[in-house]
């Protein structure tokens, strides 16, 4: 069954190479019926004129695998946000000898304009026909690969050129999703009730009149005046005050006249200018020596 699914996908991709197929899903039912879901950006190419292409593909698959095949087509409304389609677009441009840098820049610009939060591109091989293979990568925005809630789409493609195969890888970060969004809620069918209950007629509500609250006068006593607390005095302060009271008052000296004060100042200045006694004695000795000579 696994080999059948792989061969089926190989046949569909080979026949609809230019249809922009991003993903192929297969589902097997119990009555030997095979349901194939094709996610494509160009449903017109897959369906064909009047559905002739789909009918031909269904008949070929039924003859090849011997089971009834049912084909459903899902359209991709935003191919710029699908990593597989972006990778195939870059690979096809490289096959047509377009510069890989230009193809990568254009793809990044279109994807970011479409509403993606980040994109990362990787190309490896003999780029531009170089003798030695190398790797080139480009990115814009953020691509959190270690975040479990991040909705990141991955796609890869191979460009088969005359100078070798060139691999292209694409990561597109759309947005963060919660675990509840990943799980699909089961669809429950509403069953009709055999005897539906009669609708209840609304009754008028009875509102009792409550007595209005009366205002009660409450007397609030006036606050009593608190006497100001006198500052405490220490023992040393009280002892000093008592000593000052006990000591007799000293009589004030009579002020001297200005003339007497001036004469006293002159006398003190004259005394300071007079020579000391030792100098006078030395001078007297010198005079006696001069007289002897």
Report task. Show me 164-172, 53-61, 30-38, 142-150 ranked by packing, highest mean number of other Cβ atoms within 10 Å first. Result -> 164-172, 53-61, 30-38, 142-150
Report task. Order these peptides, 79-85, 66-72, by their mean beta-carbon neighbour count within 10 angstrom, highest first. Result -> 79-85, 66-72
Report task. Report the full-extension gain for the segment residue 31 to residue 244: residue separation times 0.36 nm, less the Cα-Cα distance, to one decimal in nm. Result -> 64.1 nm
Query raised in the report: At a Förster distance of 25 Å, what's the computed FRET efficiency of residue 113 paired with residue 45, Cβ-Cβ distance as r, to 0.05?
Result: 0.50
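Rule-based calculations on the coordinates, nothing more; no lab input. All figures in this text were calculated on a predicted structure; none of them were measured in a lab. For neighbour counting, all protein chains shown are included, and Cβ atoms are generated from backbone atoms with ideal geometry for every residue, glycine included.
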